[in-house]
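Worksheet: the structure to be examined is printed underneath.
What follows is calculated from the coordinates using simple rules that are stated; it is not laboratory data. What you are looking at is a predicted structure, and each value in this text was computed from that prediction instead of being measured. Counting neighbours? That spans all protein chains shown, and the Cβs are built from the backbone with ideal geometry, glycine included.
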Amino acid sequence: MKTDVEELTPTRVKLTVEVPFDELKPNLDKAYKEISQQVRIKGFRPGRVPAPLIDKYVGRGAVLQEAVNDALPELYGRAVEESEIFVLGQPDVEVTELDDGQQFAFTAEVDIRPKFEVPDYDGLEVVVDDAEVTDEQVEETLGNLRERFASLTTVERAAQAGDFATIDLAAAVDGEAVEDASTTGYSYEVGSGSSVEGLDDAVTGLSAGESATFTAPLAGGERAGQDAEITVTVQSVKVKDLPEADDEFAQLASEFDTIEELRADVRTRLGRQVKLQQLSDARDKALEALLEKVEIPLPDKVVQDEIDRRNQQFEQQLAISGTTREAYLAEEEKTEEEFTSDVAEAAALAVKGGFLLDQLAVQEELGVENEELSEYVVTQAMQMGVAPQQLAEYLTENNQLPAIVAEVLRNKALNLIVEHVTIKDESGNELDAAAIQRELNGETVEVGSEADAEAEVAAEAQEIADADADAAAADAADVQAAEEADEAAAEKADDKS
């Protein structure tokens, strides 16, 4: 087989492949066998029809077409491997020559990962926020905790901002009731702006048993966007009572005996979050700084696919949150054109970053060990709330393992960049990312408390999860090996037939 590569653009090539006709023999034998199973010719059982009769009644052209369709994926794969290119997406294939008994040729145009060298990243400097925890942040966190233990008390007065009103809503468009826009017993925080436009103004000033009607566009349902006459009726008005931030509350909400112990623990936890954020920001900024040093041509289709993926994800998030695209843009004070431009810019940057990390992994000859793959599966499974074994089986069955390997490789490449850059906080202090990570990983509590018991249980669960993931990785390898063995056996059988 002969393969020529023509560079159409820095991100797209055209492969011209010439194949001696003899190499199609296994595929021709397979085509005759399959067609023989399908045709019905008097005097011959299915699967036993001779090739000359198939040529006569079905046509040699049909056999050739079947053989070519069967051969193309394997021949294309060999051409890509021999050309040492990294293809992206599916190729546009055209058969250019099919000379029966002599020659077979085809072309394949496909996007490729562009060729470039990762620039030197020693000496890069990035600046992250200070790891500062303020008293205000501590009190805000305590306030959020108090909110979780708050109670609602009914009051005999008109509703005002901050109250919780239990309300009934009824909507009608042109006098016709809209059932999917009506509800009863709905608890609504007055002034939150979290429901239909105009509701806050209508509820404010109403007491239990009173009603008000206003006009507003419906946010969802079959009549979304249409103006409706909405009637709100207040059933009750309640105020939120927060518990005092004292020792009694600390004992209720935590394992601590005093509010000062709880406050100190909150400060420690916030400090951990801030340091984790420092590491995350350092990774992002290190990659951004390196990307600024290199120009990488991007395939239009790959960028468009990333734009489409982000838009689809955005629409799903809108559906989950129950809001509309228009409402989101209004809240963010963006036009549709600005939003579209932002998505396109972010998509292009993501694709560029992926290319750079992929290339760095190649240059540094990075690889993925089974333990690293298992760790990734365990982490993802814990975030998704599923068993590692279940996730590993799903990834294997849906051929997602190559994508997981690529993701782990990119993370290793990014970690390598971070190891070589200088990280400073806004106060000018130089930070050791590895030391911070060790500090965060090494945080423990003394044995003896309820929290310690939970930590020990969590550690045991992690060990079990690790074992499950190792077994899952082994299962995935076994499944892949078995599939390869089956394919090899099938090919040998076809050669013999």
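Of the residues Gly209, Phe149, Val80, the one whose Cα sits farthest toward the positive end of the charge dipole of the chain, with +1 on the Cβ of Lys and Arg and -1 on the Cβ of Asp and Glu, is Val80.
Exposure proxy check: Leu276, Leu360, Leu169 ranked by fewest other beta carbons within 10 Å? Walk me through the intermediate numbers first.
Values: Leu276 14, Leu360 21, Leu169 18.
By the 10 Å Cβ count, ascending: Leu276, Leu169, Leu360.
Across all Cα atoms of the chain, the radius of gyration (one decimal) and Dmax (whole number) stand at 32.3, 96 Å.
Mean residue ellipticity, 222 nm, helices only, the chain: the sum of -39500 (n - 2.57) across DSSP H runs of n ≥ 4, divided by residue count and rounded to 500, is -17500 deg cm²/dmol. Where the centroid of each part is defined by its Cα atoms, how far is region 208-274 from region 342-381 in Å? Rounded to whole Å, the Cα centres lie 39 Å apart.
Can you bin region 166-322 into rounded, prolate or oblate? Criterion: square roots of the alpha carbon gyration tensor eigenvalues sorted a ≥ b ≥ c, rounded for a/c under 1.5, prolate for a/b above b/c, oblate for the rest.
Details: a/c = 3.91, a/b = 1.20, b/c = 3.25.
Here region 166-322 falls in the oblate category.
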